[in-house]
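Shown next, in structure tokens, is the structure this report addresses.
Each value in this text was obtained by applying a stated rule to the coordinates, not by laboratory testing. Since this is a predicted model, take the numbers as computed values, not measurements. Cβ: placed from backbone, ideal geometry, glycine included. Neighbour counts: every protein chain shown.
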């Protein structure tokens, strides 16, 4: 069975998430910062009357900030009853990928931060896409603990 994925970019690399979790993709908009939030939480925004937490995926994955942010987008996702916005550098396409083309992350790259990844999709010989695990990204307990240690 094929898996439909929304492909997005972070710091020049391709990542993807299941399209079934994506509620929408919007341009960057005003974000209100929230004191004492984990560092990856940019704040909250008003989306059609609903207050939505916004997570910067570059910060969540400890990646460098992009040079320009004109293509930045907020991907609105819903997992269970949790809804959030995820800031990405850009959204490129929606792909159907055969399940057999998706491999779990290797034990070599498995460490604390790679727990955010569900697997790696092989598009062809030279193109790999990292598939993110939205449930783990939305679990901010470890981010809050890390911030408390660094404070």
P(r) histogram, all alpha-carbon pairs of the stretch 14-71 included - 5 Å bins from 0, percent
4, 13, 22, 27, 23, 9, 1
Fully extended contour minus Cα-Cα distance, from residue 50 to residue 78, at 0.36 nm per residue:
8.8 nm
Two-site FRET efficiency, residue 135 against residue 36, from Cβ-Cβ distance with R₀ of 25 Å, rounded to 0.05:
0.60
Gain on full stretching of the segment that runs from residue 96 to residue 123 - 0.36 nm per residue minus C-alpha separation:
8.7 nm
